[in-house]
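Below is one structure, written out as C-alpha cells; the observations come after it.
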Amino acid sequence: MVNVLDSKDASGSLPPDGGLSPARRRGRSAGDVLRPGWFVKIALMALLDAALLFCLVSAVMQESWIIAGALTAALAALNYAYFTNRSRALKYLLPGILLLLAYNVFGIAYNGYIAFTNYGDGHYTDKQGAIDAALAQHERRVEGSEALPTVVVLDDDELGLAVVVDDEVQVGTATEPLEEVPEASVDGTTITAVPGWQVLGFADLLERQTEVTELRVPVSDDVEDGSLRTPDGRTAYLYQSTMVYDAATDTLTDTTTGVVYHDNGRGNFADDDGETLQTGWVTVIGWDNFAKPFTDARLAPVVLQVFVWSVVFALSSVVLSFLFGLVVAVVMNSPRLRGQRYYRSVMILPYAFPGFMSALLWAGMLNTKYGFINQVFLGGAEIPWLTDPLLAKVALIGVNLWLGFPYMFLICTGALQAIPDELTEAARIDGASGTQVWYRITLPLLLVAVAPLLIAGFAFNFNNFSLIYMLTRGGPPFPGSGLPIGQTDILISMVYQISGLSGTGAREYALASAMSILIFIFVGVISLLTFRRTRQLEEIA
C-alpha cells in the first residue's frame with residue numbers, strides 16, 4: 001500500500017497530484033468513465049446536440065442569423081458545461097438560464113421589435129418579396145402566346161404543371177420554377193407519365209378545378225419572365241406582368257395605365273394619390289403603433305370604452321370576491337360553528353374545478369333559449385345574459401365572483417388564524433367593543449397580510465383572458481364600429497382580437513404587440529403604486 005504521507009516533498013506539502021501514482025490516477029478516471037451515469041449523460045447530450053444542430057441548420061437555411069447565433073452559443077455553452085469540470089454550479093444553472101432566455105427574454109425582445117414595425121396583413125415579407133408579389137399579382141396572358149400541351153401532376157398533395165416545351169417535358173409548381181424531366185413519357189403531344197409525380201385524370205381535375213385554375217407556375221427564378229397558367233388542365237399559356245420595376249428609381253410602373261408607384265417609406269409602393277399596392281414589406285415605422293390607439297378616429301373611442309370596462313371588471317372582481325370571501329371566512333372561523341371542515345371543503349369546490357371548464361359550464365347555463373338559469377330558475381324566460389351588453393358584463397362579474405371567492409376565503413382564513421388571540425383579548429380587557437376590535441385590530445392586520453395578494457388579484461383579473469374568451473368571446477360587438485372588438489372585451493382580449501388570431505378580422509400583429517406593451521406598463525405602474533401604499537397599512541398595524 002502506498003502511503004500518501006510518504007509522498008510529501010521537502011517543503012512538507014503534497015505534490016499537485018495528491019501523491020497518487022499515475023496508475024491509480026488512471027484507474028480512478030477509468031472508473032468514473034465506466035459508471036452508468038456517464039453513459040446516460042453521453043446519450044442525453046447526443047440527443048440534445050442533434051436537436052440543436054438540426055435547428056441550427058434550419059436557421060442557417062432560412063438565413064435567420066440571429067437565431068443561428070443564439071443556437072450556436074447555446075450548443076457551445078451546454079457542451080462546455082457538461083463535458084468539463086471547471087464549473088459545477090453551471091451544470092445546474094445553465095438549463096434554467098437557457099429556458100429563461102428562450103421563453104422569456106427572446107419573447108419580450110421580439111415582441112418589442114415587432115411593436116415598432118408594420119408587421120401584419122399585407123406586410124409579411126421583405127421589399128424584394130413585395131416587388132415579386134406585385135409583379136405576380138398583375139400578370140396578364142400574353143396575346144398570341146403558344147398553347148402548350150399540359151397535364152396537372154401531384155406530389156405529396158402539391159399540385160404542379162408538366163408541359164411540353166420544344167419537345168421537352170418540364171415540370172414546376174407554385175414554389176419551384178419549370179425544370180426539365182428527361183425521363184418523362186410522351187405520346188405525341190400528350191404527357192403520359194412523369195417520374196415522381198402522379199398525373200391527374202379528368203375526375204381528379206374536376207374535384208380540384210379551383211386549385212388548378214388558380215395555380216401559377218413560374219417560368220424561371222426571374223419573376224419578370226412570367227408564369228404558366230392553365231384554364232382547363234390540358235393547355236397552358238404564358239402570363240407576364242403589366243408591372244415593370246425600375247431599380248434605378250425604385251419605382252413600379254403599370255404599363256397599361258402609366259401609373260408610377262413609389263416607395264412611401266412605410267413599407268408600401270404608393271402612387272401620387274396615396275393609393276398603395278396590395279402587398280408591402282416589413283419595415284420600422286417608429287412609435288406609430290403606440291400612438292394609434294389614442295389618435296385613430298375609429299379605434300380610439302372603442303379603446304377608451306374597453307379600458308374603462310377592464311378597470312371596472314378587475315376592481316369589481318377583486319373587491320366583491322374579497323368581501324364575500326372575507327364574510328365566509330369570518331363565519332367559518334367562528335368556534336361556535338359545528339362541522340367547520342365540511343363547510344370549508346364545500347366552499348373551496350369552485351376553486352378546485354378548472355376555471356376554463358367552469359366558464360364553459362356557466363356559458364351553457366346562461367344560454368338564452370336552453371340555459372339552466374332561464375329554463376329552471378326563471379320559468380322559461382329568454383333573458384339574453386350573454387348577448388345584451390349590460391347583462392353580459394353582469395354575468396362576467398357574477399361568474400368571476402363564483403370563481404374567485406374561494407381563493408379569497410382561503411387567504412382570509414389563513415390571515416385571521418395568524419392574528420394572535422392575545423391582541424383581541426387585550427383590547428376587550430381595555431373596554432373595546434367587538435366593532436372596535438374588528439376595525440382597529442383585526443382588519444388592519446388582515447389587510448397587511450392580504451394586500452399583496454389583492455394587488456396580484458387585480459393584475460390577474462385585468463388580464464383574465466380565459467374567462468372572457470370562454471364565456472362571451474368578447475361579444476356583443478360594438479355597433480357600427482367595423483372592428484372585431486366586443487363590448488365585454490377587456491384590454492388583453494381586445495389585443496387578441498386585433499392580432500387576428502380569432503379569425504374575425506385583419507391580422508395586425510405590430511399594433512397588438514404595441515398594445516400589449518402598453519398594458520404591461522399600466523399594470524406595472526398600478527402594482528408599483530399600490531405596493532407602496534401597503535407600507536401605510538404596515539405603519540397603521
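Things to note:
- Odd one out for Ser310 among (1) more than 30 Å from Lys393 (Cβ to Cβ); (2) within 24 Å of the chain's Cα centre (by Cα): (1)
- Any hit, region 115-122, residues being within 30 Å of Leu52 (Cβ to Cβ) and among the acidic types (Asp, Glu): no
- Residue within region 225-233 that is surrounded by 12 or more Cβ atoms within 10 Å (Cβ to Cβ), over 30 Å from Lys127 (Cα atoms) and touching a strand residue (DSSP E or B) at 6+ places or on another chain (Cβ under 6 Å) present: yes
- Hey, Gln497 crowded, with 19+ Cβ neighbours inside 10 Å, out of contact with any helix residue (DSSP H, G or I) (no Cβ under 7 Å at 6 or more places or on another chain) and closer than 30 Å to Asp388 by Cβ or not: yes
- Count of residues meeting criterion [within 16 Å of Val217 (Cβ to Cβ) and either modelled with pLDDT under 90 or among the aliphatic types (A, V, I, L, M) (or both)] in region 158-200: 16
- Residue in region 169-183 that is part of a helix (DSSP H, G or I), more than 28 Å from Asp246 (Cα to Cα), assigned by the TED database to the domain that holds Gly233 and not aliphatic (A, V, I, L, M) present: no
- Tyr343 being closer than 21 Å to Phe458 by Cα, among the hydroxyl-bearing types (Ser, Thr, Tyr) and modelled with pLDDT under 95: no
- Test result for Val331, modelled with pLDDT under 95 and either within 23 Å of Gln497 (Cα to Cα) or part of a helix (DSSP H, G or I) (or both): yes
- Residues (charged (D, E, K, R) and farther than 27 Å from Gly286 by Cα) located in region 240-269: Asp246, Asp254
- Against the test of being in contact (Cβ under 8 Å) with a residue 12 or more places away in the chain, under 30 Å from Arg532 (Cβ atoms), surrounded by 15 or more Cβ atoms within 10 Å (Cβ to Cβ) and over 41 Å from the mean Cα position of the chain (by Cα), the options Ala449, Ala427, Ala415 yield a single qualifying residue, Ala427.
- Residue in region 308-317 that is out of contact with any Leu (no Cβ under 7 Å at 6 or more places or on another chain), without any contact (Cβ under 8 Å) to a residue 12 or more places away in the chain and outside the structural domain of Thr488 (by the TED database) present: no
- On inspection, Gly280 fails the criterion of being free of Cβ contacts under 8 Å to residues at least 60 places away in the same chain and over 30 Å from Ile490 (Cβ atoms).
- Meets criteria (within 23 Å of Gly325 (Cα to Cα), under 30 Å from the mean Cα position of the chain (by Cα) and surrounded by fewer than 17 Cβ atoms within 10 Å (Cβ to Cβ)) for Val394: yes
- Conditions (1) farther than 25 Å from Val153 by Cα; (2) in contact (Cβ under 8 Å) with a residue 24 or more places away in the chain; number of the one not met by Arg234: (1)
- Some residue of region 371-391 being in contact (Cβ under 8 Å) with a residue 60 or more places away in the chain and among the small types (Gly, Ala, Ser): no
- Pick from region 140-162, criterion over 21 Å from Ser185 (Cα atoms) and outside any strand (DSSP E or B), ranking: nearest to the chain's Cα centre (by Cα): Asp157
- Here Leu454 clears all of (1) out of contact with any Phe, Trp or Tyr (no Cβ under 9 Å at 6 or more places or on another chain); (2) within 18 Å of Ser316 (Cα to Cα); (3) of a type in the set (A, V, I, L, M) except the condition numbered (1).
- For Val212: the one exception among (1) in contact with an Asp or Glu (Cβ under 7 Å, 6 or more places away or on another chain); (2) within 25 Å of Gly144 (Cα to Cα): (1)
- Which numbered condition Arg88 fails, given (1) surrounded by 12 or more Cβ atoms within 10 Å (Cβ to Cβ); (2) free of Cβ contacts under 8 Å to residues at least 24 places away in the same chain: (1)
- Selected residue (only one of Ala451, Ala427, Ala392, Ala459 is aliphatic (A, V, I, L, M), touching a strand residue (DSSP E or B) at 6+ places or on another chain (Cβ under 9 Å) and in a helix (DSSP H, G or I)): Ala392
The values are calculated or read from the model by the stated rules, or taken from the named source; none is laboratory data. Note that this is a predicted model, so its numbers are computed, not measured. Every residue, glycine among them, receives a Cβ derived from its backbone with ideal geometry; neighbour counts consider all protein chains shown.
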